[in-house]
1. Could you tell me what percent of the accessible area of segment 1-69 is made up of carbon and sulfur, with a 1.4 Å probe and every protein chain present?
2. Using a basic spin-label model with each label point 7 Å from the Cα along Cα→Cβ, how many nm lie between Ala35 and Thr5?
3. Might you list the cysteines of the chain that have no disulfide-compatible partner by the rule of another cysteine's Cβ under 4.7 Å?
4. State, to one decimal in nm², a quarter of the convex hull surface area for the C-alpha atoms of the chain, i.e. the direction-averaged projected area.
5. Using label points projected 7 Å from each Cα along Cα→Cβ, tell me how many nm separate Ala20 and Thr81, to one decimal.
6. DSSP loop chymotrypsin sites (Phe, Trp or Tyr not before Pro) in segment 25-94 with at most 13 other Cβ atoms within 10 Å of their Cβ, which ones?
7. Checking the table Lys28/Lys61; Lys7/Lys56; Lys24/Lys44; Lys13/Lys56; Lys28/Lys90 against a 32 Å threshold on Cα-Cα, which pairs fail?
8. How high is the relative contact order of the chain, in percent, with contacts defined as C-alpha pairs under 8 Å that are six or more residues apart?
Amino acid sequence: MGNHTKKVGICGKYGTRYGATLRKVIKKMEVTQHATYGCTFCGKNAVKRQATGIWKCGRCKKTMAGGAYVLSTSAAITVRTAITRMRKAKGIEV
């Protein structure tokens, strides 16, 4: 196996190819897609990416739809807060 990479982390597999800026962008995506996330159903930190946009909890076996590289995208969070604000304005409880 190769040597331990201190700075480049998961992008060490690309070596000197593709340029530093592109490798930094890829590193951010690969780190987030391989991370585990908290499950909204059982509360455990056990949600992992199955495929693009498909996330599955290893504990309660629930399958969720999410972003390609992160479970909840910034656009989804914005929409969720807007819907909550509108419901609160109408007086509907969740």
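1. Solvent-exposed carbon and sulfur of segment 1-69 make up 57 percent of the total.
2. 1.8 nm
3. Isolated Cys, the chain: Cys11.
4. Numbers: hull surface 34.8 nm².
For the Cα atoms of the chain, the hull's average projected area reads 8.7 nm².
5. For the pair Ala20/Thr81, the computed spacing is 3.4 nm.
6. Here the sparse-neighbourhood loop sites are Phe41.
7. Numbers: Lys28/Lys61 27 Å; Lys7/Lys56 30 Å; Lys24/Lys44 30 Å; Lys13/Lys56 27 Å; Lys28/Lys90 40 Å.
Cα-Cα > 32 Å for Lys28/Lys90; rest within.
8. Values: 89 pairs, mean separation 13.9, N = 94.
Relative contact order, the chain: 15 percent.
The values are calculated or read from the model by the stated rules, or taken from the named source; none is laboratory data. Quantities reported herein were computed from a predicted structural model and do not represent experimental measurements. As a convention, Cβ positions derive from the backbone with ideal geometry for all residues, glycine included, and neighbour counts pool all protein chains shown. These accessible areas exclude ligands, DNA and RNA; they are computed on the full protein's heavy atoms, side chains included. Shrake-Rupley method; radii C 1.70, N 1.55, O 1.52, S 1.80 Å.
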